[in-house]
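Participant: One structure, pasted below without further comment.
What follows is calculated from the coordinates using simple rules that are stated; it is not laboratory data. Computed from a predicted structure; not experimentally measured. A quick note on method: Cβ atoms are made from the backbone with ideal geometry, for glycine too, and the neighbour counts reach across all protein chains shown.
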Amino acid sequence: MATSLFPPALPHNEDAGGVVGKSSGRSVDLSSRISSHKQGFLVSARILVGLSIALVMISSATAIAKLVNVFDAKSVNTLLYASATILGVVAPAGLVAIYAFWLGRKAPPKDLPDPRRAQVVLGYAEQLRLATSKLATEDELSRIGAVYALGALARGSQQSERATVDALARFIRTRARPATPRLTRENISLDSDVQLALRILGSRDIAQIISTGVNIDLSGLDLRGADLSDLDFRGVSFRNSLLDQADLTRAQFDASDLSFCSMRASIAIDASFTNAILDHVDLSDSTLGGATLQSVWLNGSRLTRLLAPEIDLTAAIMPAVDLSYANLTDASLRSAFVSEAVLDYSNLEGVDFTGAILDGARINNAKLYNAKFAMVSIDSIVAQRNEGTPTEAPKALLSSVGKERTRK
């Protein structure tokens, strides 16, 4: 994940899109308690120092009086004993009482609302209102400032975090173009304020809020060319959206719904789609090297010319998927369901198909060097004119390899 986009504290700024976050109610309450304890400690320490000096002076005067025989020995011993008792017992007990009185005087009663906390909550409500109102302006700089303000509010306020996350998602749905069919690939661009809102919504701070059960819907949007690298969109719905030529490098889409998305020519190196739904997705000409797609749903998806060496498709559900001309070198398809899939002209060198179901699949003119087919199911498979010798492969696959096409 990327580091946080927000500075530790953002000032009040009306011109840049509204009020930018202050400390949260929890932070203010904690700082006020620390301040009260600190002041009580300082008062107690000063009293302790004063008593100590007074007792030392009494002890010194008593000792001098003994030397000059002003008091008799019994009186002197009594004074010294009293001084020691005050210094060792009475003084600490008195200091504890003073300290408790100080804290009781500084803190509000528990059964009454803290006016400072109420003031903070009201402050966030006002900031949320101002920021959301700025999102509707025609001035792009004002909208960008408002997006930053919402991000700071979501990070800093428990009371308003869900409202601000919803406001960011609503802004993206409002400002982004709708995904319409037959869009051309020319002029692929995303408005700066929408791009910024996506970066904030997918940041680590916001992802923690979304993980608590906040549902984010970004479906049906034109997000072509978006930079979503290193962001966290786990559990977010992008159903029917356009993500062509998007940068998804190291992004997290675990348990997300990307079904019916167009993701042509996108880059998702080392991205994670574990348990995600990618049914009928178009990933043609995309790059997914090292990506994790364990237990993903890819029913009827198009992955032609996919460049995905070392991709992890363990236990993936991908019937009727089109992987023709794909490069899956050293990929893992262990226990994957790949029935009726098309793998013609694909590079399957070193691919591990152990335990996979390939019933009705087509594997023609593919490279099978060192591919592992142990314990696979290949009923009704169509395999011809392949190149290379797979390991632990059934007879139907071994017979599909032409002698003249076997690497020497």
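Participant: Provide, for q = 0.11, 0.17 Å⁻¹, the log10 of I(q)/I(0) from a solvent-free Debye sum over equal Cα point scatterers in segment 297-408.
Facilitator: For the requested q values the scattering log ratios are -0.27, -0.67.
Participant: Return the long-range amide H neighbours of N327 (sequence gap of 5 or more, or a different chain), with a cut-off of under 5 Å between placed amide H atoms.
Facilitator: Correct list: L306, L307, A308, N347.
Participant: Along segment 164-171, what does the Karplus equation 6.51 cos²θ - 1.76 cosθ + 1.60 (θ = phi - 60°) give for ³J(HN,Hα), rounded to whole Hz, x for Gly and Pro?
Facilitator: So the Karplus estimates, Gly and Pro as x, are 6, 4, 4, 5, 5, 5, 5, 5 Hz.
Participant: Return the distance in nm (one decimal) between the two label points of a simple spin-label model at S399 and R173, each offset 7 Å from Cα along Cα→Cβ.
Facilitator: In this crude spin-label approximation the distance works out to 5.7 nm.
Participant: For segment 295-308, in order, what is each residue's ³J(HN,Hα) by Karplus, 6.51 cos²θ - 1.76 cosθ + 1.60 with θ = phi - 60°, in whole Hz (x at glycine and Pro)?
Facilitator: Rounded to whole hertz, the list is 6, 7, 9, 10, 4, x, 7, 10, 10, 5, 6, 5, 9, 9.
Participant: Using the Karplus curve 6.51 cos²θ - 1.76 cosθ + 1.60 with θ = phi - 60°, work out ³J(HN,Hα) for each residue of segment 246-257 in order, rounded to whole Hz, and write x for Gly and Pro.
Facilitator: Whole-Hz 3J(HN,Hα) from phi for segment 246-257: 7, 9, 10, 4, 6, 6, 10, 10, 4, 6, 8, 9.
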